Amino acid sequence: MKTSFCRSCFYPASHPLGLSLNVDGICRGCMVHQEKYTLDWNLRAQLLDKAVSPYRSNSPDYYDCIVPINGGGDCFFMVNYVKNILKLNPLCVIYNSLYLTRVGHRNLSTLRKMFNVDIHMHTPSREQVVALTKTTLYHLH
């Protein structure tokens, strides 16, 4: 059986998460990657601002939104954008699957201090993590 590859990134179509190629042999990930160069980002920022505007609270005692975080570096970008650009008061939420690294913990501490945000961490039991993982794997296959 011959394996097809994306003509742009060379990932195989047999990728475990399922990779579909268009008629030109380009995967969806590469198509999305190219799309970012043709989008009107100013218009999209205006649309996003308009969409979140009704949820802005005038009180710092209320959360305007929930921002999912994981301790990775991309969280800093998201929280900065939500807090400083969109002017929302987020509640940051993390699901600790018991595999959060020392660096992840340090990043969360830095994020909290840097942006003065509340972080809610849900740490399930080991049994709950195993059950959720099994269920997820069952539904993916």
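The values are calculated or read from the model by the stated rules, or taken from the named source; none is laboratory data. Keep in mind that what you see is a predicted model, and the values were worked out from it rather than measured. Reconstructed Cβ throughout: ideal geometry from the backbone, glycine too, with neighbour counts over all protein chains shown. SASA here: full protein model, heavy atoms, side chains in, ligands and nucleic acids out. Shrake-Rupley method; radii C 1.70, N 1.55, O 1.52, S 1.80 Å.
Condition check: modelled with pLDDT under 95 and over 16 Å from Met121 (Cα atoms). Does Tyr81 satisfy that? Answer is no for this residue. Of the conditions (1) more than 22 Å from Asn58 (Cα to Cα); (2) open to solvent by 70 Å² or more (accessible area, probe 1.4 Å); (3) not in a helix (DSSP H, G or I), Val103 fails just one. Which one is it? Of everything listed in (1) more than 22 Å from Asn58 (Cα to Cα); (2) open to solvent by 70 Å² or more (accessible area, probe 1.4 Å); (3) not in a helix (DSSP H, G or I), Val103 misses just condition (3).
Pick from region 28-50 the residues that are assigned to a helix (DSSP H, G or I) and among the polar types (S, T, N, Q): which of them is modelled with the lowest pLDDT?
The extreme case among them is Gln34.
Looking only at residues that are out of contact with any helix residue (DSSP H, G or I) (no Cβ under 6 Å at 6 or more places or on another chain) and acidic (Asp, Glu) in region 23-73, which one is farthest from Ser8 (Cα to Cα)? Out of the qualifying residues, it is Asp61. Screening Asn58 with (1) open to solvent by 80 Å² or more (accessible area, probe 1.4 Å); (2) of a type outside the set (D, E, K, R); (3) in contact (Cβ under 8 Å) with a residue 24 or more places away in the chain gives one miss only, at (3).
Among residues that are at negative phi, open to solvent by 90 Å² or more (accessible area, probe 1.4 Å) and either aliphatic (A, V, I, L, M) or outside any helix (DSSP H, G or I) (or both), Ile94 is not included. In region 65-85, the condition of being open to solvent by less than 70 Å² (accessible area, probe 1.4 Å), assigned to a helix (DSSP H, G or I) and small (Gly, Ala, Ser) is met by no residue. Across region 111-131, the qualifying residues are those that are touching a residue at least 24 places away in the same chain (Cβ under 8 Å) and part of a helix (DSSP H, G or I), and the one among them that is nearest to Pro68 (Cα to Cα) is Leu111.
For region 115-131, the candidate set comprises residues that are over 19 Å from the mean Cα position of the chain (by Cα) and surrounded by 13 or more Cβ atoms within 10 Å (Cβ to Cβ); within that set, the residue that is farthest from Tyr81 (Cα to Cα) is Gln128. With respect to Leu88, is the statement that it is loosely packed, with under 15 Cβ neighbours inside 10 Å and not polar (S, T, N, Q) true? So Leu88 does not fit the description; no. In region 84-96, the residues that are more than 18 Å from Arg106 (Cβ to Cβ) and in contact (Cβ under 8 Å) with a residue 24 or more places away in the chain reach residues that are among the charged types (D, E, K, R) and in a loop (DSSP other than H, G, I, E, B) with C-beta atoms within less than 6 angstrom, at least six apart or across chains, in these pairs: Leu88/Asp64; Asn89/Asp64.
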